[in-house]
Amino acid sequence: MYRGFRYRFYPTPSQEVLLRKTLGCSRFVYNHFLAHRIEEYTTNQKSVSYNQTSALLTELKRSEETKWLKEVSSVALQQSLQHLDTAYKNFFRGLKKGQKVGFPRFKKKSHRNSITLAKTGFTYKDGNIYIAKSKTPLNIRWSRQLPSDEISSITISLTPSGKWFVSLLVLDENDYTLPLCEKVMGIHLGIETFATLSTGEKVKMPELKGHYAKLKKLQRKHAKKSKGGSNRNKARIKVARQHEKITNIRDDFHHKLSTRLIHENQVVVMENLNVKGMVRNRKLARAISQQGWSNFLSMLKYKSKMYGRELMQVDRFFPSSKTCSNCGCITNSLPLHIREWTCEDCGTTHDRDVNAARNLRAVGTTASAFGGDVRPH
């Protein structure tokens, strides 16, 4: 399979000029043909295909007003058109399936910018990456070794804080399957406690209140700066760096916890939460968003597939919290503020989150043994 490996690199002054030109040209091509597609559909009710935009790009390069597009690699510009075409296809595919996929939006310079280069746009030689239009290799900090020399494509990105990263899509033929074990783990996600395990262990998210307080101050300072000034740009970079710091702390926590759970258990069971619907609650939206449940779930998915484990997702309507893990009796009402409750049938006192995790483990074990999805009674 192909795996992505991301490294930070430090371009030379000439490389940075070339890369910034390429980012700008790719962004211009994307926005130009997005506007062209919208105009064609609104005026003539016609859709524009990728081949048509590719032919128009050739004419655009020959124009005197936009001949500067020739100064950068043509591979990056073609990939920009492909990304636009993919965004359109995802949007219309989502409409057919009833999914909410956003319409393609115009790219901004202040946001994260990236370019993708196929095999014809770069060279990998003697452990170095050479990009088109540049004779010197990229100064990459190789934090880990690549599994092979067969690189399908590279993506160079510039973060809002001004850091350069390169992502390599590399063929990996190694077998990472772990030995079989008999452990099954149920996980109940929460806000005060990030994850409650069926063993009774409660895992908390690293404290981020101080980081968010600092972010709030930086955002206020940024808002007070006059638009277009250099001081506003400096304040914007400080805000972006603080955002990156919070993201790195959260991602590090997610990676360590997901890796531990996948390595220690053969089957991991958790609820299929409707995160998009839950964040509509204005009182809990910020707290839920700060947990990063979707990011954690995506890590569990690809790691379980890579290491030969199984990830079970129980239906979101399964009454895991209201069901007694001892006798199976379901209580009628259990508001969120009640963290401990006693079963009326068997008299067992439960911790709300631990009880939910144990119920998830039980139904996940059954579904894993007999197959099929877990649905409520």
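At the listed q of 0.11, 0.13, 0.22 Å⁻¹, the Debye profile of the range 88-173, built from one uniform point per Cα, gives log10 I(q)/I(0) equal to -0.46, -0.61, -1.08.
Close Lys pairs in the range 18-80 (alpha-carbon distance under 16 Å; sequence gap of 8 or more, or different chains): 4. On the range 196-316, 50 percent of the accessible area sits on carbon and sulfur atoms, based on a 1.4 Å probe.
Assuming R0 = 41 Å, can you tell me the calculated FRET efficiency for the pair ASP345 and LYS214, based on Cβ-Cβ distance, to the nearest 0.05? My answer for the efficiency is 0.25. In the chain, taking the dipole from charged Cβ atoms about the Cα centre, the farthest positive-side position among HIS255, SER54, PRO206 is held by SER54. Over the range 118-269, the pair-distance histogram of Cα-Cα distances with 5 Å bins from zero comes to 2, 7, 11, 12, 11, 11, 14, 13, 11, 5, 2, 1, 0 percent, rounded to whole numbers.
Can you pull out the chymotrypsin sites (Phe, Trp or Tyr not before Pro) in the range 96-132 whose DSSP state is coil and whose Cβ has at most 15 other Cβ atoms within 10 Å? Here the sparse-neighbourhood loop sites are PHE106. Hey, if you put +1 on the Cβ of every Lys and Arg and -1 on every Asp and Glu Cβ in the range 258-377, which of TRP341, GLY277, VAL363 ends up farthest toward the positive end of that dipole? The Cα lying farthest towards the positive end belongs to GLY277.
Loop sites by DSSP among the GluC sites (Glu not before Pro) of the chain, restricted to those with at most 13 other Cβ atoms within 10 angstrom, leave 208-343 as the longest stretch without any of them. For the range 170-267, the solvent-accessible area works out to 62 Å² per residue, with a probe of 1.4 Å and every protein chain left in place. Here the label points at ASN332 and LYS100, each 7 Å from Cα along the C-beta direction, are separated by 3.4 nm in the simple model. For the range 335-344, 3J(HN,Hα) computed residue by residue from phi via the Karplus equation (6.51, -1.76, 1.60; θ = phi - 60°) reads x, 5, 6, 8, 9, 9, 8, 10, 5, 6 Hz, glycine and proline entered as x.
Compared with the alpha-carbon gap, the fully stretched path from SER63 to ASN281 is longer by 73.3 nm at 0.36 nm per residue.
Antiparallel beta bridges, as assigned by DSSP with both residues in the range 177-284, represent about 55 percent of the total such bridges.
Close Lys pairs in the range 237-377 (alpha-carbon distance under 17 Å; sequence gap of 8 or more, or different chains): 4.
Only Lys, Arg, Asp and Glu carry charge here, each on its Cβ (+1 for the first two, -1 for the last two); on that basis the chain has a dipole of about 2440 debye about its Cα centre. Cross-link partners for LYS125 among the lysines, with Cα-Cα distance under 22 Å and sequence neighbours closer than 8 places in the same chain left out: LYS133, LYS135.
The values are calculated or read from the model by the stated rules, or taken from the named source; none is laboratory data. This structure is a prediction, so every number in the text was calculated from the model and none was measured. Here Cβ is always computed from backbone atoms with ideal geometry, including for glycine, and neighbour counts include all displayed protein chains. Areas reflect the complete protein model, heavy atoms only, side chains present, ligands, DNA and RNA absent. Shrake-Rupley method; radii C 1.70, N 1.55, O 1.52, S 1.80 Å.
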